[in-house]
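The values are calculated or read from the model by the stated rules, or taken from the named source; none is laboratory data. All values reported here derive from a predicted model rather than from experimental measurement. Note that each Cβ is placed from the backbone with ideal geometry, even for glycine, and that neighbours are counted across all protein chains shown. Surface areas here come from the heavy atoms of the whole protein model, side chains and all, with no ligands, DNA or RNA. Shrake-Rupley method; radii C 1.70, N 1.55, O 1.52, S 1.80 Å.
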Amino acid sequence: MMTNKDLLLQKFSKMIDQTTDKDLPLINTIVDSLERQQNGTNRSYIEAFMNVEEQLEDDTVTISIPITPLLYNPLGIVHGGMIATLIDTAMGTLSNKATPIDKMAVTTQLNIHYLAAIKGNNLTCYATITHKGSRMMVLSAVVERDDGKNVAIASSNFFVVGK
């Protein structure tokens, strides 16, 4: 009887045999993402698949991601939901850094305004805390493309809860 790993290996082997040169970089990106998650480089699978690079300071967080086909919608451009995920990841990281050790913050509202087409090789999100209360936080974020042009702005509410 074949195990789940055996079935997956068989499926993966068949896929690699039938893949095109176009798909090989994408498959490599996916495998690299899984390796990053397994070795603990990222906190979540979504951060691993987006290849998040994070810089955390006292009151701000900066998260950069490469633009890859993993982020594309059927039109071949970055999916708006991936931008929302980038924004929520940046804001969530900052809000949770700002909470006491026995608390965590969860998103209760996220507002995004998409401003411009996404071009270039990377996206960078800058998140800041606008208001910090004991039970509620308000954060803002800006997403820029390589040339510094804003492609999205956002605001969000986070509720502080016990772990």
Counting only protein heavy atoms with a 1.4 Å probe and every protein chain in place, the carbon and sulfur fraction of the accessible surface of the chain in whole percent equals 54
Along the dipole axis of region 54-163 (charges at Cβ: +1 for Lys and Arg, -1 for Asp and Glu; origin at the Cα centre), the most positive-end residue among 128, 106, 76 is 106
Rounded to the nearest 10, the angle in degrees between the Cα long axis of helix 80-97 and the longest principal axis of the Cα atoms of the chain comes to 50
Taking a probe of 1.4 Å and leaving out DNA, RNA and ligands, the chain shows per residue an accessible area in Å² of 62
In nanometres, the difference between 0.36 nm per residue of separation and the alpha-carbon distance of residue 45 and residue 23 is 5.9 nm
Everything considered on the Cα gyration tensor (a ≥ b ≥ c; rounded for a/c under 1.5, else prolate if a/b is larger than b/c, else oblate), region 58-114 must be described as prolate
Quick note, region 1-59: a/c under 1.5 would make it rounded; otherwise a/b > b/c is prolate and the rest oblate (a ≥ b ≥ c, C-alpha gyration tensor); here it is oblate
Placing each pseudo-label 7 Å from Cα in the direction of the beta carbon, residue 121 and residue 163 end up separated by a distance in nanometres of 3.8
Whole-Hz Karplus couplings 3J(HN,Hα) for region 64-70, θ = phi - 60° and coefficients 6.51, -1.76, 1.60, Gly and Pro as x, run 10, 9, x, 8, 10, x, 4
With a ≥ b ≥ c from the Cα gyration tensor eigenvalues, square-rooted, and the rule rounded for a/c under 1.5, otherwise prolate when a/b > b/c and oblate otherwise, region 18-90 is oblate
Scoring region 61-163 by relative contact order with C-alpha pairs under 8 Å, at least six apart, yields a percentage of 31
Quick calc of log₁₀ I(q)/I(0), the chain, Debye, one scatterer on every Cα, no solvent, q values 0.19, 0.20 1/Å, result -1.18, -1.26
